[in-house]
1. Enumerate the residues in segment 13-32 having an amide nitrogen under 15 Å from the point lying 7 Å beyond the Cα of Thr5 toward its Cβ.
2. How far, in degrees from 0 to 90, does helix 44-60 lean away from the longest principal axis of the Cα atoms of the chain, to the nearest 10?
3. Spin-label point model (7 Å from Cα, Cβ direction): what's the Asn49 to Asp17 distance in nm?
Amino acid sequence: MIEVTRMNGEVLLINADLIEMVEETPDTVISFTNGKKIIVKESRQEIKNLVKSYRKDIFAI
């Protein structure tokens with residue numbers, strides 16, 4: 001799970017394994033494999049780094 005912030009300041013934990021696509025339009029929109037989408041404050045690059053860090057933590061165990 002990675003932590004992201006919605007535009008209203010609400011902090012969420014999302015399942016990084018369900019992310020299908022991240023796009024900046026100019027807001028960052030995360031699309032999930034189930035069709036849902038959320039808009040977050042983090043940039044596309046920040047989301048990428050969070051997912052990479054999450055995966056490194058998982059495989060380090």
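Throughout, read-outs are computed from the coordinates displayed, never taken from laboratory work. This one's a predicted model, so the numbers in the text were calculated from it and none came from an experiment. Here the Cβ positions follow ideal geometry from the backbone for every residue, glycine too, while neighbour counts run over all protein chains shown.
1. Hits in segment 13-32 for Thr5 at 15 Å: 13, 28.
2. In the chain, helix 44-60 runs at an angle near 20 degrees to the longest axis.
3. 2.6
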